[in-house]
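The values are calculated or read from the model by the stated rules, or taken from the named source; none is laboratory data. Everything numeric in this text was worked out from a predicted model, so none of it was measured. Positions of Cβ are generated from backbone atoms using ideal geometry, with glycine treated the same way; all protein chains shown enter the neighbour counts.
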Amino acid sequence: MRELNVDLAERTYPVMVGSGLLSSAGRLLARRGLDAPPIVITNRTILKFHGPPLLQSIREVFGDPAVVCIRDGERFKNHETLMQIYRGMFRANANRRSWILAFGGGVVGDIAGFAAATFMRGIPFVMVPTTLLAQIDSSIGGKVAINVPQGKNLIGAFHQPAAVLSDTDVLKTLPERELASGLYEIVKHAAIRSESLMRYLESRLEAIQHCQTREMTHIIVESVRIKAGVVASDEKEADLRMILNYGHTVGHAFEAATDYKRFKHGEAVAWGMIAAVGFGRELGHLRPGEARRLIDLIHRVRPLPSLKGIRLNPLWNALVRDKKFRSGDIRMILLNRIGDAEIRSGVDAATIRRFLRGFLASGGNLEDRRG
Ligand SMILES: NC(=O)c1ccc[n+]([C@@H]2O[C@H](COP(=O)([O-])OP(=O)(O)OC[C@H]3O[C@@H](n4cnc5c(N)ncnc54)[C@H](O)[C@@H]3O)[C@@H](O)[C@H]2O)c1
Ligand SMILES: [Zn+2]
């Protein structure tokens with residue numbers, strides 16, 4: 001097992017990463033100021049695959065936990081589910097000294113974290129993230145939220161967990177596309193901040209795709225270190241934190257332009273990064289060799305769903321709906337080289353639109369566009 005600390009202004013919490021952590025969760029969480037059995041918030045998919053070892057080890061140390069099972073899917077990250085969680089907590093006689101254990105992917109983590117932030121004005125929570133995305137992204141930084149009809153994550157809070165336990169074994173049951181989706185976000189962390197992580201991903205990709213413990217542990221720890229480093233220096237989100245959104249503005253537009261049906265979030269971000277690489281190259285950022293490296297790695301992770309049939313206008317409309325885009329001063333995150341991202345302001349909208357037209361026409365193939 002590896003352990004690192006996420007250092008934040010008001011508090012520091014440990015992130016533990018390794019194989020077999022579910023069955024030692026109770027022991028690992030003992031003596032962290034948590035007492036009484038937790039309220040475990042999860043869904044049936046996760047419970048079926050991984051419930052018994054976690055619940056058993058919690059029971060041995062803290063006593064019998066209450067379990068609240070929520071429905072599986074992004075569309076249930078809403079206030080009805082939140083109310084269901086509160087009801088389950090009252091039924092279990094939860095009080096100010098209770099704590100929540102969020103056991104699942106980003107959806108469970110976000111909504112269970114929000115319940116913890118708000119129940120009796122805030123109680124502790126622990127995250128046991130079970131998707132790669134949740135282990136390297138949503139469990140770090142303390143953002144918790146639910147969706148409302150007006151938009152995603154619009155009701156939320158900052159609430160840091162007391163600890164994060166990431167068991168690499170649970171990733172073995174993840175659908176392949178979910179695993180790849182998390183890997184693209186790790187590629188993003190490498191691209192903006194760490195050439196050595198990039199090299200590691202390039203050389204150990206097969207082992208990573210087979211979820212081998214050593215390799216998985218390494219890339220999760222490095223990725224958490226990168227996100228935590230950026231978040232810690234800038235907890236409430238300003239300039240530096242913005243680089244974590246590399247590939248995301250255009251990625252979100254790809255998701256919206258296809259009604260959130262064609263792409264997993266990470267896949268859309270992967271296309272967003274490829275577009276950012278192409279656009280950056282036009283502006284003279286990033287040498288062709290470095291651009292090629294990033295694009296090759298993305299395609300090696302898993303073939304991406306195609307861009308076929310996506311039209312410029314819906315994509316553009318989705319982009320200009322983004323408030324970052326509308327403010328007049330368009331800022332783009334571009335790479336100077338692998339491991340070094342920069343925020344470039346004053347980018348001209350017409351130039352971006354022209355680039356995207358060509359990008360869609362080539363099906364996202366940047367080589368095509370040079371000829
Ligand atoms: N708070 C943040 O900073 C932050 C950052 C990024 C994303 N998010 C949020 O995270 C959410 C997406 O999270 P996600 O990608 O983990 O999706 P998810 O939570 O929906 O999980 C994906 C699917 O995998 C299943 N699953 C989870 N673990 C499994 C396992 N070990 N084996 C088999 N199946 C498993 C889930 O039941 C679900 O069907 C979004 O709501 C997004 O807004 C939050
Ligand atoms: Zn993302």
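Going through L294, L286 one at a time, which residue ends up being in contact with a strand residue (DSSP E or B) (Cβ under 9 Å, 6 or more places away or on another chain) and in a helix (DSSP H, G or I)?
Working: L286 fails: in a helix (DSSP H, G or I).
Matching residue, one of L294, L286: L294.
Which residue, of L307, L335, L356, is under 26 Å from the mean Cα position of the chain (by Cα) and assigned to a helix (DSSP H, G or I)?
One residue alone meets the criteria, L356.
How about segment 36-73: which of its residues are within 16 Å of ligand 1 (Cβ to nearest atom) and at positive phi? Let's see the steps before the verdict.
First, pick out the residues of segment 36-73 that are within 16 Å of ligand 1 (Cβ to nearest atom): 40-55, 67-73.
Hit for segment 36-73 is G73, nothing else.
When only residues in segment 131-156 that are of a type in the set (D, E, K, R) and farther than 14 Å from L183 by Cα count, which is nearest to the chain's Cα centre (by Cα)?
Looking at residues that are of a type in the set (D, E, K, R) and farther than 14 Å from L183 by Cα, I get K143.
Any idea which of V224, V230, V269 is within 14 Å of ligand 1 (Cβ to nearest atom), part of a helix (DSSP H, G or I) and in contact with a His (Cβ under 7 Å, 6 or more places away or on another chain)? Break it down stepwise before answering.
Details: V224 fails: in contact with a His (Cβ under 7 Å, 6 or more places away or on another chain); V230 fails: in contact with a His (Cβ under 7 Å, 6 or more places away or on another chain).
Within the list V224, V230, V269, the selection yields V269.
Pick from segment 108-133 the residues that are touching a residue at least 40 places away in the same chain (Cβ under 8 Å), assigned to a helix (DSSP H, G or I) and within 7 Å of ligand 1 (Cβ to nearest atom): which of them is nearest to A162 (Cα to Cα)? Show your work before the answer.
Start the filter on segment 108-133 by keeping residues that are touching a residue at least 40 places away in the same chain (Cβ under 8 Å), which leaves 108, 110-117, 124, 126, 128, 130-133.
Remaining after also requiring assigned to a helix (DSSP H, G or I): 108, 110-117, 132-133.
From what is left, the residues that are within 7 Å of ligand 1 (Cβ to nearest atom) are 108, 110, 133.
Working: V108: 16, D110: 15, L133: 19 Å.
By that ranking, first place goes to D110.
Look through V170, V187 and report the one residue that is within 20 Å of P14 (Cα to Cα), outside any loop (DSSP other than H, G, I, E, B) and either modelled with pLDDT of 95 or more or among the aromatic types (F, W, Y) (or both).
V170
Residue check: is W271 farther than 15 Å from M198 by Cβ and either of a type in the set (V, I, T) or more than 16 Å from ligand 2 (Cβ to nearest atom) (or both)? Give the derivation first.
Working: farther than 15 Å from M198 by Cβ: yes; either of a type in the set (V, I, T) or more than 16 Å from ligand 2 (Cβ to nearest atom) (or both): no.
In short, no.
If you check Y184 against the conditions, is it within 15 Å of ligand 2 (Cβ to nearest atom) and at positive phi? Step through it out loud before you land on a result.
Details: within 15 Å of ligand 2 (Cβ to nearest atom): yes; at positive phi: no.
No; evaluated as a whole, the condition is false for this residue.
Against the definition (out of contact with any Cys (no Cβ under 9 Å at 6 or more places or on another chain), within 23 Å of L335 (Cβ to Cβ), within 16 Å of ligand 1 (Cβ to nearest atom) and touching a residue at least 24 places away in the same chain (Cβ under 8 Å)), how does H285 come out, yes or no? Full working, then the answer.
Details: out of contact with any Cys (no Cβ under 9 Å at 6 or more places or on another chain): yes; within 23 Å of L335 (Cβ to Cβ): yes; within 16 Å of ligand 1 (Cβ to nearest atom): no; touching a residue at least 24 places away in the same chain (Cβ under 8 Å): yes.
Here the answer is no, as H285 does not meet what is asked.
Please state which one of E235, E255 is modelled with pLDDT of 95 or more and either within 15 Å of ligand 1 (Cβ to nearest atom) or assigned to a loop (DSSP other than H, G, I, E, B) (or both).
Details: E235 fails: modelled with pLDDT of 95 or more.
Among E235, E255, only E255 is modelled with pLDDT of 95 or more and either within 15 Å of ligand 1 (Cβ to nearest atom) or assigned to a loop (DSSP other than H, G, I, E, B) (or both).
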